[in-house]
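A short worksheet on the structure shown next.
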Amino acid sequence: MDVAQAFRLDERVAIVTGGGSGIGEASAAVLAGAGARVVVADLDRDNAERVAKAITNDGGDAVAQQVDVSDKQAVDDLVASTLAESGRLDVLLNNAGIMLRSPLLEVSAEEFEQMLAVNLKSVLHGTQAAARVMKPGSAIVNTLSTIIDFSTPGTGSYAVTKKGAEALTRTFAVELGPLGIRVNGIAPGWTESGMTKGSAVDERGAFDRTTFDELAGRMSARSPLEGVTEPLDSAFAVLYLASAASRFVTGHVVRVNGGASMA
Ligand SMILES: NC(=O)c1ccc[n+]([C@@H]2O[C@H](COP(=O)([O-])OP(=O)(O)OC[C@H]3O[C@@H](n4cnc5c(N)ncnc54)[C@H](O)[C@@H]3O)[C@@H](O)[C@H]2O)c1
């Protein structure tokens with residue numbers, strides 16, 4: 001048995017949304033490292049291009065694509081252009097996401113709608129578009145969050161989107177299973193990324209390292225392994241779920257959080 005081969009993605013094509021930063025950036029690099037051609041799709045065109053270039057410089061195969069995943073038509077176009085340019089689609093990582101913090105008593109209708117559009121409806125629309133063109137053996141992975149297991153103040157609308165995406169993961173898994181398409185999720189723990197750096201800011205809105213490190217320390221204390229998630233930890237879980245190594249796994253969520261959900 002060639003164990004390494006089970007994790008290879010040679011001649012496969014993968015789309016990674018939110019691939020321009022953090023967990024998506026690491027996942028794009030790992031999927032490319034396993035042999036896939038990766039479409040690095042992000043709202044931030046410069047970052048998408050930076051990541052695709054880094055992968056190419058490393059000997060991998062990647063292209064950048066600007067997309068707003070909250071726009072259904074743009075998501076349909078992303079899948080269509082991938083098919084036109086790369087001939088197939090084997091893996092979709094629905095990973096793009098945002099975090100707007102507000103207590104539920106104060107959250108505005110606009111803010112709630114934005115969270116739903118970017119974090120939840122994107123998963124529905126991305127999976128619909130991808131599943132229509134995917135062949136048996138393909139895999140969809142959704143980036144959820146440890147928030148599916150905890151409630152914390154200020155993250156209610158974010159939690160709704162991630163619990164909703166978990167429900168989409170499971171229902172798509174049963175609906176797409178007969179087509180040979182697997183649908184799974186990863187639930188990363190607290191990870192140093194653009195998102196978490198954006199919520200550790202001082203009064204002027206500038207990144208505050210002290211606040212950030214305090215937060216990291218609190219999150220680390222929740223894990224029996226005493227640490228926080230690194231983007232690469234999530235990326236390796238994505239690789240497992242995207243590859244034939246997980247060929248009989250669907251509707252599952254891998255919690256990449258050092259055991260924090262057990263606390
Ligand atoms: N950082 C954490 O602690 C953590 C924990 C659990 C889950 N997550 C999830 O991981 C995913 C990736 O987040 P991250 O931590 O790497 O943050 P990040 O901010 O570093 O990366 C998110 C990427 O998504 C892109 N993006 C945002 N809105 C978009 C849109 N409308 N269309 C296309 N791209 C868009 C951003 O430009 C950015 O490149 C998110 O779904 C997030 O909810 C993060």
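The values are calculated or read from the model by the stated rules, or taken from the named source; none is laboratory data. Predicted model, so just to flag it, every value in this text is computed and none were measured. For neighbour counting, all protein chains shown are included, and Cβ atoms are generated from backbone atoms with ideal geometry for every residue, glycine included. We work out accessible area using only protein heavy atoms, side chains counted, and drop any ligands, DNA or RNA first. Shrake-Rupley method; radii C 1.70, N 1.55, O 1.52, S 1.80 Å.
Taken together, the residues in the range 53-69 that are touching a strand residue (DSSP E or B) at 6+ places or on another chain (Cβ under 8 Å), in a helix (DSSP H, G or I) and more than 16 Å from the ligand (Cβ to nearest atom) amount to 1. Of all positions in the range 199-219, at least one carries a residue that is outside the structural domain of A28 (by TED's automatic domain parsing), in contact (Cβ under 8 Å) with a residue 40 or more places away in the chain and among the hydroxyl-bearing types (S, T, Y). You will find that of V228, V160, V256, V174, the residue that is touching a residue at least 40 places away in the same chain (Cβ under 8 Å) and touching a helix residue (DSSP H, G or I) at 6+ places or on another chain (Cβ under 7 Å) is V256 and no other.
Considering each residue of the range 23-40 in turn, none proves to be under 15 Å from the mean Cα position of the chain (by Cα), part of a loop (DSSP other than H, G, I, E, B) and within 22 Å of S193 (Cα to Cα). For the range 39-46, the criterion of a residue being closer than 21 Å to V238 by Cβ and either without any contact (Cβ under 8 Å) to a residue 12 or more places away in the chain or among the acidic types (D, E) (or both) is satisfied by at least one position. Note on the range 135-169: among residues that are open to solvent by 20 Å² or more (accessible area, probe 1.4 Å) and not in a helix (DSSP H, G or I), the one that is farthest from the ligand (Cβ to nearest atom) is P136. When I55, I98 are checked against the criterion of being surrounded by 17 or more Cβ atoms within 10 Å (Cβ to Cβ) and within 13 Å of the chain's Cα centre (by Cα), I98 stands alone in meeting it. Scanning the range 12-30 for residues being more than 21 Å from R88 (Cα to Cα) and more than 12 Å from the ligand (Cβ to nearest atom) gives a total of 0. Please work out which residue is nearest to E230 (Cα to Cα), limiting yourself to the range 31-52 and to residues that are open to solvent by less than 20 Å² (accessible area, probe 1.4 Å), more than 7 Å from the ligand (Cβ to nearest atom) and in contact with a Leu (Cβ under 9 Å, 6 or more places away or on another chain). Going through the qualifying residues, I end up with L31. Based on what the data block shows, is L104 open to solvent by 20 Å² or more (accessible area, probe 1.4 Å), in a loop (DSSP other than H, G, I, E, B) and within 16 Å of the ligand (Cβ to nearest atom)? So L104 does not fit the description; no.
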